[in-house]
Every structure is written in structure tokens, then in C-alpha cells.
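The values are calculated or read from the model by the stated rules, or taken from the named source; none is laboratory data. These numbers were taken from a predicted model, which means no experiment stands behind them. As a convention, Cβ positions derive from the backbone with ideal geometry for all residues, glycine included, and neighbour counts pool all protein chains shown. Calculation scope for accessible area: heavy atoms of the full protein, side chains included, ligands and nucleic acids excluded. Shrake-Rupley method; radii C 1.70, N 1.55, O 1.52, S 1.80 Å.
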Amino acid sequence: MVSVGSKALASRRARSCCNLVEDNLMGREDKSYNQGSKNKGMSRKTKNGSFGFDADHSNKSVSGRANDGNAKPKNSSKYQNTFSEPQPSIVRKQVDPETTKYFSEIVNLFESDGVDFEERPVICGNALEEAKGKEFELATDYYISHTLQILLEGCNVDHLCDFLRGCAKVFPLISMDRSGSHVAETALKSLAMQLQDDEAYSVIEETLTNLCKVIVDSPFDMMCNCYGSHVFRSLLCLCGGVPLDSPEFHRAKPSMILAERLNLSASSAPGNNLSHRHQGFPGLLKFLVLGMLKCSEEDVKSLLVDQYSSLVLQTALKLFSGHDQQLLQIIPVLLNCRKENLTEGNFIEMTAVGDIVELMKEAACSHLMEVILAVSPESLYAEMFAKIFRKSLFELSSHHCGNFVVQALISHARDQEQMECIWEELGPKFRDLLEMGRSGVIASLIATSQRLHIHEHEVCKALADAVCLPNESPRFVVDRILFLESYFACVEKSNWKWPSGAKIHVMGSLILQTVFKFQNQLIQPYITSLTSMEVDHVLEAAKDAGGARTIEAFLDSNASGKLKHRLINKLRGHFGELAMHSSGSFTVEKCFNASNLSLREAIASDLLSVQSELPKTKQGPYLLRKLDIDGYANRPDQWRSRQASKQSTYKEFYAAFGSGEAKSSKSDSFLADTSKSTSLTKGIKDVRKEIDHHLASSEKYVKHAVVDDVMKLKNKKHKRGHGGASEKASGSVNHKPFLSVDLKKNKRHGQEEQSKASRKKLKV
């Protein structure tokens, strides 16, 4: 055994056995997105009988609803394990003692800091020369593999490519090994770093070509291996010119996906937001992807339902997003259409539709189908919608895996006609879907109705009706949506009460956040329900992350300032308590922004009671600074004056440029009505910041003017004391009015300047 003393190396050896599975906010544990980040990679150790992140966590409870007892165990699919020719395994030879000793000395040399920065590439290159012919044995040795990682990170591009060419024939086997996979990953990351040098492009392309040719000869074992699939995806990213550890391609975050589906964030094609793209190899990417799909029909089905190969296919599809020609070659093969010369309307064979619907009920395939729907060209999406999903929407929505595909289908609906078909089939089923725990389908349908501006009134009414008994007032509609699971689990729904102390339902909160983005006249029952909520319930909701987001969404809505003040008043006296919560601090800021002057002062007064404790919290310092609590404590009159000045400026702005509703509003809230037009929300926020900035600048300007005036007075008094008796006798100099008039002039000047700047910005 080699003794390694470095803490960094020991830490690398002790990497976590398995990735933490991020709870999928859509209601299932999302293994498809369970790929590690920088320090949570593939484990080299096993835990509880599992192989690294291949562990099965199917019994784990999920966020948002109870476990589904019908979930199938891993590898239960009838399509799995049907590959034609399994690759024979190779027995690794023991590393000889002399080689072990050599690499042990290399480690000790690096640990002793006895290597200069300039000498490091040379030493790394020489050490890699010693590895020639023994790459497989060394890369799969638990201890020496760590040393190889250090060498591959420190060598130059020529030695790096020599090493990869030397092990090209066994690269898939290295990638599928618990230790070797880390070596393969490190080598690919080093190649990506070397691409910063344009002169290295050709030698790297030649090296990758050798690797791709070997992999394409037999890709299945590597794609379906928990370690090999991770390396495969990194290789795809390298060829595609995107960062190897990009979360968009390596592990899509469920919360990000859900935010896009519910219009809570700007959606974009995968890769559009990447700021560190490198030069890719599009020809090799196409060769690799098309090569791995040259297989039998049964093999393709096996790839679709295996959780690891599904991840590889998802990454490949995302890399081709926006490249319709390539997608029209790849997706029909995955959908079991092997015709040549495919034309529009002929991408999917009707004989394969039944099998496709059944495959979507498999966990891995459902994840893959979500990506297919997201990246599909418009013509292919329309054909899939018409041939596969029409008349099957409710069936799939009822399934614990298939419902996620329906969510993706609805979220990516292209036009009102498609939404009309979706509404026709699912519109009457709101209550049934909620009773089955398929709230994600409802959320997607509501968000898409809002995005495409169709059936907006109908979806809002259908949701309210689904959580109310016949002929019942919608008084408690918000309460029940916040606790969807609790409400629908109650047998006697007429006796249901607010479950004090229970966690608010994540999807229920997200549904309400989406609802409050509709126009005011469409959501009156929801506004009435929220503003009529008991004080204790409002406070409890505000302390919960989901409830806080719901309140913030209402404050951002186009409801009247009067109604917003009614809700804010229910929290009066509790803002200090709320500010101490990580999520509550954001709600406090929203309430402050939506308040009139008297409510703002009440909030500042509440925060003053916890002024000494707030700096110890994460958001406390920001909140104290943003609301100027120190200014309120020391100079309350000036604080009120600043807030009144902001109020006046905002009112002036909205009187000149606001919507008709904003102009006619008699509310004394100067921020409550800033969201009358939801399309201007971002612009309004920018203008608000600009106004605040200019007001602050004006205050500084006035302050400096006061100092100048005082200095002038002192100078004149000094002159008067040395012979200015005649001036004193005549009373011709009145210094106090001079100072007062000049101050007013400077204040007006500052306000005029900021007002001009605000108008100028809006015109631009």
C-alpha cells in the first residue's frame, strides 16, 4: 500500500459514496438529474451494498406528496438487459512493486512542495512516459489513480494526448471502473483546459477521434454503466463545446426546470446562458451520437429505459438543441421510426404509438421524453402531439411517471390550438387530478394558459371549483391550495381546518404564485380569500418558504393598493419576528415596498426592536441597509422626509408615464400599483432603482451645498469681525434667509435633475 499524507489527496479519496438526490419539486425523486457537482462526483467506495451513486432510493419520501406505492423497483422493466452482445470483462493485472514505488515517490515529491512551477509539466510528462503500456492497470488502481489525476492535470497537451492515445482501446473499460472513471474525467477536463490554446486544437481533435471510434464500436455497456455514463456525457460536452461540469447538461436542477414551466423564470434553449463555452468538435459530436444509435430496435428500447443510458441520450439531445436537422435524424430513431427519407408528418409510425405510450410510463424514458419535447422542432412536436398524446393525456396524467411527460408537453405547447385540445381533455378533470396528487399537471396547464392567453378565466374558475364543495363560498380557496395534500386526504372535507404547524405544499404554493400573475378581474376569489385570512394563519404562512413566496406574489400582482395594505396590516407587530427568518426577510422587504408611508414606519419600528439581532442573520445586514433602519433610529424626521420624497417622485413618475389604472388610483400606496402592467415589471424595477439612485445623489448634493453655505457664512462673519461694522449697522446682509433660499434651490435642482434623468431613461 502507498501511504499518502496530503490532506487534499485524502479528501479526494474520501469523496462521498453517493450523490445527494435533489428533491424534485414536481413530486418525484429525480434520479435523472442526480449527477454530482464539483466535489460530489462518482464514488470509489460502496455504501450499504450499492455502487456509488447507483444506489436505489426508491423508498425515500418526496417533496410535495406521499410516496407512490406503485413505483417499480430498478431494473424491473421488461425492456432492460436485452443487449445483443455483452462485452467480455478484462481482468486487471496487479501493478508490480517497482512501479508502485515509483509513483509513490512522485506523490511524495509533489507533497513536499519540492517541484517548481516551471518544472511541474516536465516531471508530469516524464511520469506519464513510465505509464505507457500499463495505463489500464494504473488507472484502475485505487491509490495510483489519484496520482495519475495529478499528472494529467499538470502535464502539457502532448503528454496528455499521448496518454489518451495509449489507452484508447481500453478507454471504455477505464471509464467503467470505480477508480478509472475519475482518471478519464480528469483527462477530459484537462483537454478542455488545453483548448484555450488554438494551436492545440488539431492534436486534441485527433486524440478524441481515436477515442470516439473505439466507443462507437460498442457503446452500450459504457452508456448503461453508472461510472461510464458519466464519462460518456463529459465526452459529449467536450465535443459540443460546453463546460464539462455544466448543470444544464450534466444534472438539470428540478427547481430550474419547474420555474421555466411555470413562467417563473425566463426560459431559454440549453446552453444559451453559458458564459464559458469552448471550441467544440461538431463533427465528432454527430459521429458519436449517430454511432451509438446504430443498433437494433430492442437495443434502443433498452437504452430508453435504463437510467444511465437515458442520461447520456438526454445530454446528447440538449447539445443539439436548435439544430433541427440533426434532431430530426435522432428523435425518430428513439421513437422507433427507421424509415429513410423522413418527411414532415411522417416522422412517427402509428404502429409504434402504443409502445411509445407504454415506454413513457418507465421512469428513465419519461425523463428522456421530457427533453425530447423540450428540444423538438415545431413540426415534430406537432406530430407527436397529434399522434401520440391526443386522447391519451388523462391516461398519462394519471400515471406516477407519465404525468411528468404531460407536464412537459403542456409547458411546451406551441399555439392556442394545441392548448385548446389539452383543455378539452383535461379541463373537466381538475378535481380528479388533484385527488390523485397530480398537481404538477394542473400547474403546467395554468401557466400555459397564461402564456398563450387562452382559457385564462376558465382555468382560474376550474381550480377554485376543484377545492370547493358544491355551492360553497371560495372563502378558503387559498388555504386549501396551500395545503393541497392535507385537504384532499381529509374524508370530511367540510370539516377541514388549517393544519397548524404543517408544512405548506410546495406545488400548491407554486400554483398560487402563477395564479397571482393573472389579471385582477380573473382572480377575485383568490384575492378575497388571501386578504380575509386570519392573522395567525397569515403569520404562519409568512414564516414558511412556500407561504412567503405566495404572499410576495400577491404583493407583486395588480391587485389594488388598498387590498395589499389590508394583508400587510395583518403582519403589523410581527415584522421583526419575520425578518429573523431566512425566507421571511424577503417578505418584509416586499411588504415595505408595497406600503404607504405610515405602514413603512410601522415596519421600520418593528425592525428597530431586533436591530441588534438582525446582523447575525444571512439577510439581516441587507435588510437593515435597504430599509435604512439606522437612519430611522437616529434621525426619524429625516427618514420620513426621504420616504415622502420617494413617494412624491414615484407618484410623479406614474402620473406622467403610468398606466391608466395607475393614474386613476386613489390609493396612497406609491408602490402597490407598480405592477398594473405585468409586462413592464422589469422596467419598473429598473426605474425604481434609478429614482432611488438619483434621490440619494440629490441628498448628497444638498448636503454638500449646506456645507458650502456654512463655510461662506463663516467667511463673511470673519470679514465682518475685521471692519464690517457698517454692514452690521445697515443690516444689509441677512445670512439666514440666504442659507434657507439656497437650500430650497439646491433641493429643487436635485429633484429636477433626477426627474429629467428618469424621463430620459424611460424614453430610451
Worksheet item: Using a 1.4 angstrom probe with every protein chain in place, what is the largest-first accessible-area order of Leu522, Leu195?
Response: Leu522, Leu195
Worksheet item: Over the alpha carbons of the range 113-272, what is the largest minus smallest coordinate on each principal axis, giving the biggest first in Å?
Response: 55, 36, 31
Response to the item:
FRET efficiency (Ser296, Arg475; Cβ distance; R0 60 Å; to 0.05) is 0.50
Discussion item. List the pairs from Lys361/Lys618; Lys570/Lys616; Lys503/Lys618; Lys493/Lys570; Lys503/Lys570; Lys169/Lys294 whose alpha-carbon separation is above 31 Å, in the order I gave them.
Written reply: Lys361/Lys618
Worksheet item: the range 284-389: D in µm²/s via Stokes-Einstein (Kirkwood Rh, Cα pairs, 25 °C, 0.890 mPa s)?
Response: 179 µm²/s
Discussion item. Could you sort Tyr308, Tyr102 by their accessible area in this structure, using a 1.4 Å probe and putting the largest first?
Written reply: Tyr102, Tyr308
Discussion item. For a protection proxy built on the mean count of beta-carbon atoms within 10 angstrom, sort 214-224, 579-589, 348-358 highest first, please.
Written reply: 579-589, 214-224, 348-358
Response to the item:
Order by accessible surface, 1.4 Å probe, largest leading, for residues Lys318, Lys286, Lys101 comes to Lys101, Lys286, Lys318
Discussion item. Can you pull out the trypsin sites (Lys or Arg not before Pro) in the range 359-423 whose DSSP state is coil and whose Cβ has at most 11 other Cβ atoms within 10 Å?
Written reply: Lys391
Item to complete: Calculate one ³J(HN,Hα) per residue across the range 642-647 by plugging θ = phi - 60° into the Karplus curve 6.51 cos²θ - 1.76 cosθ + 1.60, and present them in order as whole Hz with x for glycine and proline.
Response: 5, 5, 5, 5, 5, 4
Worksheet item: In a solvent-free Debye calculation with one equal scatterer on each Cα, what is log10 I(q)/I(0) for the range 485-587 at q = 0.12, 0.14, 0.19, 0.21 Å⁻¹, listed in the order of the q values?
Response: -0.40, -0.54, -1.00, -1.19
Practice prompt. Kindly report, to the nearest 10 Å², the accessible surface of Glu119 as traced by a 1.4 Å probe over protein heavy atoms only.
Written response: 80 Å²
Discussion item. Loop-only GluC sites (Glu not before Pro) in the range 459-528, please: DSSP not H, G, I, E or B, and at most 12 other Cβ atoms within 10 Å.
Written reply: Glu492
Discussion item. With equal scatterers on the alpha carbons only and no solvent term, can you work out the Debye log10 of I(q)/I(0) for the range 366-479 at 0.11, 0.13 1/Å?
Written reply: -0.35, -0.48
Discussion item. From the phi angles alone, apply the Karplus equation (6.51, -1.76, 1.60; θ = phi - 60°) to the range 615-627 and give each ³J(HN,Hα) in whole Hz, x where the residue is Gly or Pro.
Written reply: x, 7, 8, 5, 9, x, x, 5, 5, 4, 6, 5, 8
Worksheet, complete the sentence: What one gets for the range 472-516 as the Kirkwood radius, inverse of mean 1/r over different Cα pairs in Å, is 10.9 Å
Worksheet item: Can you run phi through the Karplus equation (6.51, -1.76, 1.60; θ = phi - 60°) for the range 307-313 and list ³J(HN,Hα) in whole Hz, with x for Gly and Pro?
Response: 5, 7, 5, 4, 4, 4, 5
Practice prompt. Throw me the Rg/Rh for the range 390-539, computed over C-alpha atoms with Kirkwood Rh, two decimals.
Written response: 0.96
